[in-house]
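The values are calculated or read from the model by the stated rules, or taken from the named source; none is laboratory data. Keep in mind that this is a model prediction, so the values were computed, not measured. Positions of Cβ are generated from backbone atoms using ideal geometry, with glycine treated the same way; all protein chains shown enter the neighbour counts. We work out accessible area using only protein heavy atoms, side chains counted, and drop any ligands, DNA or RNA first. Shrake-Rupley method; radii C 1.70, N 1.55, O 1.52, S 1.80 Å.
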Amino acid sequence: MTTSRATSTDLDPAVAARLKRGADGLFPAIAQQYDTGEVLMLGWMDDEALHRTLTTGRCTYWSRSRQEYWVKGDTSGHVQYVKSVALDCDADTVLVKVDQVGAACHTGARTCFDADVLAGAADQ
């Protein structure tokens, strides 16, 4: 695992030119289970994390709290195998469809989005 952010990357220049990044150089990456559509988690990527994700077939994220790259599953065993990667219409978010092995959430839950439901389906 690399512990400092890359200053250069081998990301395809055509892809890099399309990306819109925040002031910190990051963009959100939504992980979704490829066969069920279940939304698993949101992580942060920069160009190098996206390059690693595209070339290794495993999701690599940038940890804003630890200030280092991390490959999902390297310590937990809860691996995300990449099935496809898509850029949204605004080019500021990527959707990574994965085959999630084990829990996606650091709490041990399958998804990060099942704990606090703020609103349910409206009664019709």
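Considering segment 82-106 alone, what residues qualify as being assigned to a strand (DSSP E or B) and either over 15 Å from Gly43 (Cβ atoms) or at pLDDT below 95 (or both)?
Of everything in segment 82-106, those that are assigned to a strand (DSSP E or B) and either over 15 Å from Gly43 (Cβ atoms) or at pLDDT below 95 (or both) turn out to be Lys83, Ser84, Ala86, Leu87, Asp99.
What pairs can you find where one residue is in segment 50-75 and touching a residue at least 60 places away in the same chain (Cβ under 8 Å), the other is of a type in the set (Lys, Arg), and their Cβ atoms are less than 6 Å apart, with a gap of 6+ or different chains?
Matching pairs, first to second residue: Val71/Arg58.
Find the strands (runs of 3 or more DSSP E) located wholly in segment 7-72 whose residues include 3 or more that are out of contact with any helix residue (DSSP H, G or I) (no Cβ under 9 Å at 6 or more places or on another chain), and list them.
The qualifying strands (runs of 3 or more DSSP E) are 27-33, 39-45.
Of the residues that make up segment 96-117, is at least one within 20 Å of Leu19 (Cα to Cα), touching a residue at least 40 places away in the same chain (Cβ under 8 Å) and out of contact with any Cys (no Cβ under 7 Å at 6 or more places or on another chain)?
Yes, segment 96-117 contains a residue that is within 20 Å of Leu19 (Cα to Cα), touching a residue at least 40 places away in the same chain (Cβ under 8 Å) and out of contact with any Cys (no Cβ under 7 Å at 6 or more places or on another chain).
Please find, within segment 92-108, the residue that is farthest from the chain's Cα centre (by Cα) out of those that are within 16 Å of Ala49 (Cβ to Cβ) and surrounded by fewer than 17 Cβ atoms within 10 Å (Cβ to Cβ).
That would be Asp92.
Any idea how many residues of segment 56-70 are within 14 Å of the chain's Cα centre (by Cα) and open to solvent by 40 Å² or more (accessible area, probe 1.4 Å)?
So the count comes out to 4.
What tally of residues in segment 1-21 results from selecting those that are in contact with a strand residue (DSSP E or B) (Cβ under 9 Å, 6 or more places away or on another chain) and open to solvent by 20 Å² or more (accessible area, probe 1.4 Å)?
10
Could you say which residue among Asp88, Asp47, Asp74 is open to solvent by less than 70 Å² (accessible area, probe 1.4 Å) and closer than 21 Å to Ala6 by Cα?
Asp47
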